Each structure stands twice: as C-alpha cells, then as structure tokens.
Amino acid sequence: MRMNEMTREQFVECLSAYGADFGRWPEDRRDAGRKMLDHADDLLLAIYRKESAFDDFLAPSRVDPTVSIDLETRLLASAPFPSSQTSKRAGLLGWIQHLRAPRWVSAGLVGACLMGGAGTGFGVAVAENRAQEAETMMAFAVLPTTSMFEEWTLEAETAP
C-alpha cells in the first residue's frame with residue numbers, strides 16, 4: 001500500500017476523529033481521504049453522509065444575528081429586578097419567603113425527624129413490654145444488613 005492510500009478502517013477512524021470536513025484532517029491524510037471518498041461504495045458514502053449531518057448539527061450558525069440596541073434596551077427594561085432590590089414584604093410571610101437554609105440544615109432536620117420517629121416507636125414498644133421487638137426494630141433502624149435481615153426472616157418462619 002502506498003503512503004497516500006488508506007484503508008476503509010482508517011477512513012472511518014479519521015471520520016470519527018476529525019469529522020467530514022477534510023480541512024480538519026491531518027495534511028498527510030486529506031488527499032487519501034478524498035480519493036477514498038471518490039471511489040467509495042454505498043455503505044462508506046452513507047457513513048460519510050451521517051458524519052457530515054452530525055457535523056452540521058454541531059456546527060454553530062454561520063451567520064450570527066445582530067441584535068439592535070433598541071431591542072436590547074427594551075428587554076433589559078422589562079426584566080424583573082433581583083430579589084435584593086425589590087421591596088420586602090412585611091411580617092412573618094415575607095421573612096419566610098426570603099429564608100434560604102443550606103442543604104445540610106435540611107438534611108439534619110430530616111435526620112432528626114427520622115430519629116425522633118424511631119425513638120418514639122422504641123418508647124412505645126418498651127412501654128408495652130415488647131422490649132425484644134423494640135430491640136429488633138432499633139437494630140434494623142441503625143444497622144440494616146442483609147445477614148441480619150436473613151436471620152430475622154428465618155426466625156420468623158421457624159417460629160410457631
């Protein structure tokens with residue numbers, strides 16, 4: 001094979017790497033790519049057309065629209081002000097609307113609610129003298145593992 005020839009695999013590889021525009025291909029492969037395309041069969045032409053369509057999809061618009069200063073001024077004038085420049089609502093509702101808590105605070109509140117629910121369930125079970133069930137419940141709430149779940153289900157199946 002001569003230096004300026006290329007195989008189908010090399011052609012498809014260059015198409016995938018550089019696109020359908022031969023101007024983006026390495027200089028030593030451009031002529032071989034053009035020759036390969038001139039003598040390509042239907043399958044290779046279809047691959048080239050798909051890559052060309054993909055390049056067209058990714059390419060930015062050739063003509064950038066110009067925006068008039070008048071249009072820009074009208075758009076900026078109709079845009080709402082940032083919340084820091086708007087008038088603040090009075091009262092509790094206004095205070096709540098502007099309250100922004102970090103995510104860790106929200107996660108902490110959810111965790112506290114879950115622990116409160118587990119604690120309440122544990123307390124009710126102890127109060128009803130079901131300490132064994134309460135300990136099992138707390139074990140599942142704190143350390144959920146597959147083996148513990150399997151042991152519990154086997155105990156439940158073998159119980160009379």
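Computed from the coordinates by the stated procedures, all read-outs in this text should not be read as laboratory data. All values derive from a computational prediction rather than experimental measurement. Note that we place each Cβ from the backbone using ideal geometry, even for glycine, and neighbour counts take in every protein chain shown.
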Proxy reagent accessibility, fewest Cβ within 10 Å first, across Thr7, Thr158, Thr136: Thr158, Thr7, Thr136
Förster-model FRET efficiency, 22 Å R0, Thr7 and Ala59, C-beta, rounded to 0.05: 0.20
Per-residue HN-Hα couplings for region 75-80 [Karplus 6.51, -1.76, 1.60; θ = phi - 60°; Hz; x = Gly/Pro]: 5, 5, 5, 8, 6, x
Net lengthening on full extension, Ser78/Arg34 (0.36 nm per residue, minus Cα-Cα): 10.5 nm
Within region 1-58, GluC sites (Glu not before Pro) in DSSP loop having at most 12 other beta-carbon neighbours inside 10 Å: Glu5
